[in-house]
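Undergrad: Take a look at this one; I'll ask things after.
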Amino acid sequence: MFSEIIQTELKKQLIRELESSQLYLSMASWAEYKGFDGICEFLYDHSNEERKHMLKLIRYINKRGGYAVFPNQSSSLFFKEFSLRSSLKELFQKLLEQEKEISKEINKLVELSLQEKDYFTYNFLQWYIEEQIEEEALSKMIFNQIELIGDEKVGLYLFNRDIRKNYVTNMK
Ligand code: FEO
């Protein structure tokens, strides 16, 4: 059975995925403006991935007989604190925090699906668990690299070059 409570919580999750997508989009724009051509590709790509996560939820809710309606969106979704004075370290720290937050919410959803005995949803969420394991590990690794590099210009140059080569999946 596809309960109201499961539907409501899945709808909240699709909004979180949308928020992640918007957040990474604003970060990508910042990185592009700052001249980090590799980092911005990684972030644009990551933003697209989050949009796909959102779509997957919409399609699942509708397939189960629910209706994936959206609340009125406002500009509050945008990452206002991310100013031009921000640093790459702040950017990747925020990205890591965001991924940890999403993992926490996915865990709660899995728990709820078991409480509700909704094994279809439990099964559906396994994909998100795998995805979060990967994304959290990648975000942590990138943040550690940035911390190690600090303000060292050659290190930043190489990082910007390599991130595109190693992690961007959907090149233009
Ligand atoms: Fe879809 Fe990275 O959370």
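Undergrad: Tell me, what HN-Hα J-couplings in whole Hz come from the Karplus equation 6.51 cos²θ - 1.76 cosθ + 1.60 at θ = phi - 60° for each residue of the range 101-117, using x for Gly and Pro?
TA: Rounded to whole hertz, the list is 4, 5, 4, 4, 5, 5, 4, 4, 5, 4, 4, 5, 4, 6, 4, 7, 6.
Undergrad: Give a residue-ordered list of calculated ³J(HN,Hα) values for the range 151-157 (Karplus: 6.51 cos²θ - 1.76 cosθ + 1.60, θ = phi - 60°; whole Hz; x for Gly, Pro).
TA: 9, 5, 5, 5, x, 5, 4
Undergrad: How large is the helix-only mean residue ellipticity at 222 nm for the chain, computed as the sum of -39500 (n - 2.57) over DSSP H runs with n ≥ 4, divided by its residue count, in deg cm²/dmol to the nearest 500? Please report the intermediate quantities before stating the final value.
TA: Working: 5 runs with 131 residues, N = 172.
Roughly -27000 deg cm²/dmol at 222 nm, from the helical runs in the chain.
Undergrad: Give the lysines whose C-alpha is closer than 23 Å to that of residue 108, dropping any in the same chain fewer than 8 places away, or say none.
TA: 11, 12, 52, 56, 63, 94, 100, 117, 140
Undergrad: Turning to a different aspect of this structure: For the range 114-164, report the accessible area per residue in Å² (1.4 Å probe, heavy atoms, rounded to an integer). List each step's numbers first, then the result.
TA: Working: 3390 Å² over 51 residues.
For the range 114-164, the per-residue accessible area is 66 Å².
Undergrad: By the scheme Lys and Arg +1, Asp and Glu -1, what is the net charge of all other residues having a beta-carbon under 14 Å from that of residue 1?
TA: Numbers: positive: 64, 117; negative: 4, 116, 118.
Residues close to residue 1 contribute a combined charge of -1.
Undergrad: HN-Hα J couplings of the range 30-42 from phi, Karplus 6.51/-1.76/1.60, θ = phi - 60°, integer Hz, Gly and Pro as x?
TA: 4, 5, 5, 4, 7, x, 8, 5, x, 4, 5, 5, 4
Undergrad: Size of the dipole of the chain about the Cα centre, Lys and Arg at +1 and Asp and Glu at -1 on the beta carbon, nothing else charged, in debye to 20? All intermediate terms of the calculation are to be shown ahead of the outcome.
TA: Details: 24 positive and 28 negative charges, 87 e Å.
For this selection, approximately 420 debye.
Undergrad: Next question, about the same structure. Would you work out which of 169, 66, 38 lies farthest towards the positive end of the dipole of the chain? Charges go on Cβ: Lys and Arg +1, Asp and Glu -1.
TA: Working it through, the farthest residue towards the positive pole turns out to be 66.
Undergrad: Keeping the other protein chains in place, figure out the carbon and sulfur percent of the accessible area of the chain, with a 1.4 Å probe. Don't skip to the answer; put the middle values down first.
TA: Numbers: 5290 of 9960 Å².
Ligands and nucleic acids excluded, carbon and sulfur reach 53 percent.
Undergrad: Net charge around residue 67, counting only other residues with Cβ within less than 14 Å of its Cβ (Lys, Arg = +1; Asp, Glu = -1)? Kindly include the intermediate steps, with their values, before the conclusion.
TA: Numbers: positive: 11, 59, 63, 64; negative: 4.
Spelling it out: positives minus negatives among the neighbours equals +3.
The values are calculated or read from the model by the stated rules, or taken from the named source; none is laboratory data. Just so we're clear, the structure is a prediction, and the values are computed from it rather than from any experiment. Glycine also receives a Cβ, built like all others from the backbone with ideal geometry; neighbour counts cover every protein chain displayed. Calculation scope for accessible area: heavy atoms of the full protein, side chains included, ligands and nucleic acids excluded. Shrake-Rupley method; radii C 1.70, N 1.55, O 1.52, S 1.80 Å.
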